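S.K.: Quick one: structure below, then a few questions.
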Amino acid sequence: MNRSDQNEIAIRELRDDLLTLSDRYATKEEIREIKESMSKLSENIDYIKEHTTKNDDFIRTMTRLETKIDKLKG
């Protein structure tokens, strides 16, 4: 009886460890999904870099435009 109780305790501990491990580590499928998401994010970042204007460039251009408009008015 004592040995049976010890086995049950050991099994319970192993189940708890398994649940803890599954929370700590990603499965191969989860890793694949994460890699796909990272790839999509990288593509989106590249697109944004290529198709948007940096704030400094925008401000510089607007300042030049305002200067030209002021010269035309004056």
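Each reported figure results from applying straightforward, stated rules to the coordinates on display, with no laboratory input. Note that the structure is a prediction, hence the values are computed from the model and not measured. Cβ coordinates were reconstructed from backbone atoms using ideal geometry, including for glycine residues, and neighbour counts include every protein chain displayed.
S.K.: Would you mind finding the one in Ala26, Ala10 that is at negative phi, of a type in the set (A, V, I, L, M, F, W, C) and not in a helix (DSSP H, G or I)?
M.R.: Result: Ala26 is the single residue among Ala26, Ala10 that is at negative phi, of a type in the set (A, V, I, L, M, F, W, C) and not in a helix (DSSP H, G or I).
S.K.: Please go through the stretch 16-34 and give me each residue that is exposed (fewer than 10 other Cβ atoms within 10 Å of the Cβ) and not hydrophobic (A, V, I, L, M, F, W, C), ordered by number.
M.R.: Once the filter is applied, which keeps residues that are exposed (fewer than 10 other Cβ atoms within 10 Å of the Cβ) and not hydrophobic (A, V, I, L, M, F, W, C), the stretch 16-34 yields Asp23, Arg24, Tyr25, Thr27, Lys28, Glu29.
S.K.: Okay, moving on. For the stretch 42-62, which residues satisfy the criterion of being surrounded by fewer than 10 Cβ atoms within 10 Å (Cβ to Cβ) and either in contact with a Pro (Cβ under 6 Å, 6 or more places away or on another chain) or assigned to a helix (DSSP H, G or I) (or both)?
M.R.: Ile48, Lys49, Glu50, His51, Asn55, Asp56
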